[in-house]
Amino acid sequence: MSLSNDELKHLAQLARLRIEDGELDGYRDKIGAVIEYVDQLRELDTRGVPEIASAGGGSAFGENGAGEINAFRDDVVADCPEDVRARLLAAFPRRAGDLLEVQAVFENRDE
Amino acid sequence: MSVDLNNLTVAGAAKRLADGSVTSEELVKASLAAIEEKNPKLNAFVSTYERALDDARAADARRAGGGEVGPLHGVPVAVKDNILVAGERVSAGSRILENYVGAYDAAVVVRLKAAGAILVGRTNMDEFAMGSSTETSHYGATRNPWDAERVPGGSSGGSAAAVAAGLVPAALGSDTGGSIRQPASLCGVVGLKPTYGRVSRYGLIAMASSLDQIGPLARTVEDAALLLAAIQGADPKDATTVSSPDAFVPALETEGVKGLRVGLPREFFVEGMDERVKDLVTDAVRVLERGGAEIREVSLPHAPSALAAYYVNMPAEASSNLGRFDGMRYGLSMPGARLEETYGRTREEGFGPEVKRRILLGTFVLSAGYADAYYRQAMKVRTLIKRDFDEAFKEVDVLAGPTSPSVAWKLGEKFDDPLTMYLSDIYTISANLAGVPALSLPCGFADGLPVGLQLHARPLDEASLFRAGMFYQAKTDWHARVAEM
């Protein structure tokens, strides 16, 4: 299938990407060519075939190719080394000391 | 004393360090000098680490003091720019992470350091590993040491070029659809994508998490095995890692390939391949045959659908993984009046066009109304591809074929045609979809440009890849050729 510019704009909105109007045609054509190529998958008969669950190694593959694996651990608080903590905080774009600032998700509708 | 890095292997360096005929300081100085001399032309390194020489001197002191040393003690190694090193910049080839500093060491870095390796710098890559030519990097394209007008392949093109040009004896890369093996092939070095789950990705900047693996690029199969032995193993911080009992680096004296069953998937020898590549790969298979390997034709019936399945599966996961780059917690932040505006501006300015295309494509295949037809169907096809390998490995131990359908192409040649670029990965994709290990090693030259032989093996059976690869390298000297720059 092909993609219209309106559909592309919608995808960009979903993906939180801004695309300038002048660039829409270029993105549409290049992404459209890939969608046309992957359309060949729809012609394959996959009735009764499970979706692959894991490509993990060893016995995790299972006998029929669609292996399953779950890995659990106890929910234990682990210490963070001070230098790691300092670098994590330093990476924040907006901060004052250890006060980390992010933008409001909800806006006050009364204003 | 001067050190010629051009012919120096990891094993050779380790041996000379152990017998005292060279120091780590000398090796690291030689590496840094080679980078200073050749990198302006190649752009294989984004930057070197300032502390490398101090680390080398500390390694020498430790050895001199009789301290315990690891198998890579004092050997210079480079890492791809998507692997975190604490306190060092790591950018994934992207503007959005231009000033980002790694908060902690990736699991592979912890293990390399524990083995004694000296990290000399970070290598260039396609932005977020999205590319097959290392041209989408925000830090400029890397060039192929065999012909500077040509691409090194990608996305680990910086690591491949660095090893091929003798800047370091080995480097780490990451492989989601061929990003270690394809540049290894195009640059004439060895590249290994380990079994999915063999190596921890903790501290790897994720692209497509069900496909990503970290692996080595080196001059010899033996070196790749040494590197893998150092970085592999279960890690509680990556739940996909499997505990593997076998420490499996083969002995130096290869046991040969007598009785090894080698399959040639007929789907890997079809139209569209450069005839010269086909001939050289066929010659390489004959070398294994003369060594006593049994050659037979096999089939991977769904291999022709692998690339299409990949270009649904990979962008779906990449679009999710890259959602974290929102201008809030790290990286570039372009504040707008409202949150949505901040997201949009940050991602518009921070990501390059190929990354945006894959995010949009991934959003499409996951979106309401299309997810069943594209994403879920691709995951079923992936099961079929995995089953093909299971069936083939009932008959043979190793699968042999080309790594790339062509030799290195000219810079810019495929840059504006993503689909043609994607087709260059047609033989490497399947291993990622099926989770099996695969190795590329040099098997000749076409008009002066390297060609790679690709071998696949059963999950966790890298040992068979090393067995066949070491035998081949004992009988040939393609891997010993040096790119004249």
Test: B:Gly177 is part of a loop (DSSP other than H, G, I, E, B), surrounded by 24 or more Cβ atoms within 10 Å (Cβ to Cβ) and within 10 Å of the chain's Cα centre (by Cα): yes
Looking at (1) farther than 23 Å from B:Tyr422 by Cα; (2) at the interface with another protein chain (Cβ under 9 Å from one of its Cβ atoms), which is the only condition B:Val312 fails? (1)
Taking the conditions exactly as written (facing another protein chain (nearest Cβ under 9 Å), assigned to a helix (DSSP H, G or I) and open to solvent by 50 Å² or more (accessible area, probe 1.4 Å)), does A:Arg42 satisfy them or not? yes
Looking at (1) surrounded by 14 or more Cβ atoms within 10 Å (Cβ to Cβ); (2) at pLDDT below 95; (3) closer than 21 Å to B:Ala446 by Cα, which is the only condition B:Thr241 fails? (3)
Index of the failed condition, B:Leu252 passing every other in (1) surrounded by fewer than 24 Cβ atoms within 10 Å (Cβ to Cβ); (2) at pLDDT 90 or above: (2)
Starting from the stretch A:19-32, take each residue that is at pLDDT below 95 and list its partners that are aromatic (Phe, Trp, Tyr), counting only C-beta distances under 9 angstrom and pairs at least six apart or across chains. A:Ile19/A:Tyr27
Being small (Gly, Ala, Ser), assigned to a helix (DSSP H, G or I) and either touching a residue at least 12 places away in the same chain (Cβ under 8 Å) or within 8 Å of another protein chain (Cβ to nearest Cβ) (or both) is the filter here, so list the residues in the stretch A:69-96 that pass it. A:Ala90
Of residues in the stretch B:1-54 being in contact (Cβ under 8 Å) with a residue 60 or more places away in the chain and touching a His at 6+ places or on another chain (Cβ under 8 Å), the one farthest from B:Val101 (Cα to Cα): B:Ala14
When residues of the stretch B:258-285 are limited to those that are among the aliphatic types (A, V, I, L, M) and at pLDDT 95 or above, the one nearest to B:Val298 (Cα to Cα): B:Leu264
Any idea which of A:Phe61, A:Phe72 is modelled with pLDDT of 65 or more and of a type in the set (Phe, Trp, Tyr)? A:Phe72
Search result, residues across the stretch B:273-307 that are within 14 Å of chain A (Cβ to nearest Cβ) and open to solvent by 20 Å² or more (accessible area, probe 1.4 Å): B:Pro301, B:His302, B:Pro304
Can you tell me which residue within the stretch B:190-222, out of those that are assigned to a loop (DSSP other than H, G, I, E, B), of a type in the set (Val, Ile, Thr) and within 14 Å of chain A (Cβ to nearest Cβ), is nearest to B:Asp81 (Cα to Cα)? B:Ile205
How about the stretch A:1-25: which of its residues are small (Gly, Ala, Ser) and either under 18 Å from the mean Cα position of the chain (by Cα) or within 8 Å of chain B (Cβ to nearest Cβ) (or both)? A:Ala12, A:Ala15
Hey, could you check the stretch B:331-369 for residues that are of a type in the set (Phe, Trp, Tyr) and either touching a helix residue (DSSP H, G or I) at 6+ places or on another chain (Cβ under 8 Å) or more than 7 Å from chain A (Cβ to nearest Cβ) (or both) and say which is surrounded by the most Cβ atoms within 10 Å (Cβ to Cβ)? B:Phe364
Mind checking which residues of the stretch B:308-330 are surrounded by fewer than 24 Cβ atoms within 10 Å (Cβ to Cβ) and in a loop (DSSP other than H, G, I, E, B)? B:Asp326, B:Met328, B:Arg329, B:Tyr330
Specify the residue that is farthest from the chain's Cα centre (by Cα); the eligible residues are those in the stretch B:130-158 that are of a type in the set (A, V, I, L, M) and open to solvent by 10 Å² or more (accessible area, probe 1.4 Å). B:Ala148
Hey, B:Glu349 at pLDDT below 95, assigned to a helix (DSSP H, G or I) and farther than 30 Å from B:Val277 by Cα or not: no
As an exercise: evaluate B:Ala438 against (1) over 30 Å from B:Leu260 (Cα atoms); (2) in contact with a His (Cβ under 6 Å, 6 or more places away or on another chain) and give the number of the one condition it does not meet. (1)
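The values are calculated or read from the model by the stated rules, or taken from the named source; none is laboratory data. The shown structure was predicted, so the numbers you read here are calculated from the model rather than taken from an experiment. Ideal geometry is used to build each Cβ from the backbone, glycine not excepted, and the neighbour counts take in all protein chains shown. Heads up: the accessible areas ignore ligands, DNA and RNA and are worked out on the full protein's heavy atoms, side chains in. Shrake-Rupley method; radii C 1.70, N 1.55, O 1.52, S 1.80 Å.
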